[in-house]
Amino acid sequence: MSRSATAATTAIREMRDFLFANATDYEAARDGFVWPSPTEFNFALEWFDAIASETPDRPAVQIVSADLSLESWSYGELSARSDQVAAWLTGLGIRRGDHVIVMLGNTIELWEVMLAITKIGAVSIPTSTLLSASDLAYRVEHGRARAIVTLGSLAERIADIDADVRRIGVGEGIPPEWTRFDDSSSAPTTFEPDAATPADDTALLYFTSGTTNRPKLVQHTHVSYPIGHLSTMWWLGVRPDDVHLNISSPGWAKHAWSSFYSPFLAEATVFVYNYDRFDANTLMQVMDTHHVSTFCAPPTVWRMLIQADLARLTHPPRELVGAGEPLNPEVIDRVREAWGGTIRDGFGQTEMTACVGNSPGQIVKVGSMGRPLPGYPVVLLDPATGEIAEHEGEIALDLADPPVGLMAGYYDDPEKTAESRIGGYHHTGDIAQRDADGYLTYIGRADDVFKASDYKISPFELESVLLEHDLVIEAAVIPSPDPTRLAVPKAYVCLRPDAVGAESDAARSIFAYAHDRLSSHLWVRIIEFVPELPKTISGKIRRVELRAREAERATSGDEVAQHRDRDYR
């Protein structure tokens, strides 16, 4: 149905347009930005539907399949369809405040369901389709889910989950006892919410990626992500009518960042390419054909792209952004030489929207993740004292005036919430350095940084050098116990396929390469070649698992196939 703008809609649009007007003026954007803070707000009803009423034919979502065919849905079509799905879900008994796991791929049903759940005032728990049965069971229990919307082909993973949790199936292979999502097409086409939506009601529950421990459950409200992503929109540089491609799998916060809230806030088009197998050349062909103008990708994709002929992309996107983990300088340099644009890095967490970034139009210092974004009071804290540090410390947010984009807390876990907010600051657990111009450079997770011979070692700094070597596809650095130095840097390295089988030659070359580019106290002393690195489902390296593996090896005296730099001098 057609819905007009409310006072909340107007306030958000005014501040969004202020950011557009100051798209490349960092100081003005920082000085003049004020978070819209309505007491009632529903993103799907008061933003998405209002936009759809004004520009119903504007493309909202476009999906290119593996066969390169294109399907497109306008704001008007998606507004009407999400009304119908909301009416249908309400008819199934889904009510305001109910928790619904959404475990879908990048198909249009994902956007239909997410908007519909928001309209009802229920709570979405986006979840990856790659989860194992035990991981899913953990999320159902801890997320207190009343229903699961997922693919019929994933039925086996749900078989042992409480039968009281309603199963709603999408696609083929749906068990007969499940509810079929296709039945929603015969539901009423109008939806009326039962009441206004309080801004501080829970809208989203996201499990963290779990790089260092069990995933935590992050609680976001109807304003923290929906309005909070104004900062992310500004960092991405996405504008009205842009075609925005974000390579990210549903189920992780980055998908909400860049494939839902930011482009919809900008009145842009969410663009998806569903490939069966990643191929850099085909990706560039798709980007050219469909005029992708803003592009966000994780480091793994950027590293695969530079293995191809970047010149195949004849019309590079205006904005290039990296996300997930910091990019090593070589990748940034190669892309800039080929496409003329610089990949801009940034920083945020599941717990918040983008809070630090290299914003459009500014000097981009390669290796830096940028400066604090509008609305974010970022400080560095000395990990030992908790006092504000000038040059290096833990990234934290001053809670004297909490940013709208920060989570409400960890769901049903007041202790963990309190631990994250010690001393009047939200603590991220990430360490950074700040230069004289205010640019922050990522050092690593506080748990990942270690000491060797009393020197502090940042794994990222060493990994960045190793990744520049032609034979190295991936690398992760952790401390290896040493009786003299306390610890020495050890690298787990994945080699290029044509180098596998010649590990001694590769080790000699990599050690020499690193020695030429690193100070002696930073030299990698041990290399262990592995076929793959342990990662979270969202693709982040689990160095905690590698540290545990190395500690166990050292304790047991097990001698795996390791290469030591002293043997190659």
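Here, each number is a calculation from the coordinates, and none is a lab measurement. Source: prediction; values computed, not measured. For neighbour counting, all protein chains shown are included, and Cβ atoms are generated from backbone atoms with ideal geometry for every residue, glycine included.
Taking a spot 7 Å from the Cα of ASP505 along the direction of its beta carbon, which residues of region 464-487 have an amide N less than 13 Å from it? Taking a point 7 Å out along Cα→Cβ of ASP505, the residues of region 464-487 whose backbone N falls under 13 Å are 471.
Approximating the spin labels as points 7 Å out from Cα along Cα→Cβ, the GLN307-to-ASP67 distance works out to 2.8 nm. With R₀ fixed at 35 Å, the C-beta to C-beta distance from HIS391 to THR300 puts the FRET efficiency at about 0.65. With a cut-off of 11 Å between beta carbons, the residues surrounding SER72 carry a summed charge of -2, where Lys and Arg count +1 and Asp and Glu -1.
When each of TYR75, TYR439, TYR513 is scored by the number of other beta-carbon atoms lying within 10 Å, the sequence from fewest to most is TYR513, TYR439, TYR75. Note on the chain: Lys pairs 8 or more places apart or on different chains, Cα atoms under 16 Å apart, count 6.
If the Kirkwood radius is taken over C-alpha pairs of the chain, then at 20 °C and 1.002 mPa s the Stokes-Einstein diffusion coefficient equals 86 µm²/s. In this structure, LYS365 and THR189 have a Cβ-Cβ separation that, at R0 = 35 Å, corresponds to a calculated FRET efficiency of about 0.10. From least to most packed, judged by other beta carbons within 10 angstrom and beginning with the fewest, TRP523, TRP235, TRP111 follow the order TRP523, TRP111, TRP235.
Taking a point 7 Å out from the Cα of THR555 in the direction of its Cβ, the residues of region 470-512 whose backbone N falls within less than 14 Å of it are 481. Straightening the chain between SER4 and ARG144 buys 47.0 nm, computed as 0.36 nm per residue apart minus the Cα-Cα spacing. Counting Lys and Arg as +1 and Asp and Glu as -1 over every other residue whose Cβ lies under 15 Å from the Cβ of ILE306, the net charge comes to -3.
As a rough guide to protection, the peptides 218-231, 457-470 ranked by mean Cβ packing within 10 Å, highest first, stand as 218-231, 457-470. Applying a DSSP loop filter and a limit of 10 other Cβ atoms within 10 Å to the GluC sites (Glu not before Pro) in region 510-569 leaves GLU532, GLU559.
The distance linking region 378-435 with region 72-118 is 35 Å (Cα centroid to Cα centroid, whole angstrom). Summarising the strand pairing of the chain, around 60 percent of its internal DSSP beta bridges are antiparallel. Each of VAL102, VAL149 has some number of other Cβ atoms within 10 Å of its Cβ, and from fewest to most they run VAL102, VAL149. The simple spin-label model puts a point 7 Å past each Cα toward its Cβ; for THR282 and ARG336 those points are separated by 3.2 nm.
If you take all other residues with their beta carbon under 10 Å from the beta carbon of VAL61, and give Lys and Arg +1 and Asp and Glu -1, the sum is -3. You can think of it this way: the chain between ASP437 and ASP401 has 10.6 nm of extra reach, that is 0.36 nm per residue less the Cα-Cα gap.
Diffusion coefficient of region 1-61 by Stokes-Einstein, Kirkwood radius over Cα pairs, 25 °C, 0.890 mPa s: 191 µm²/s.
Taking the average, over residues, of other Cβ atoms within 10 Å as the packing measure, peptides 373-382, 271-280, 244-253 rank 244-253, 373-382, 271-280 from highest down.
Region 20-56 and region 120-196 have Cα centres separated by 31 Å. Using C-alpha pairs below 8 Å separated by at least 6 residues, the relative contact order for region 448-568 is 26 percent.
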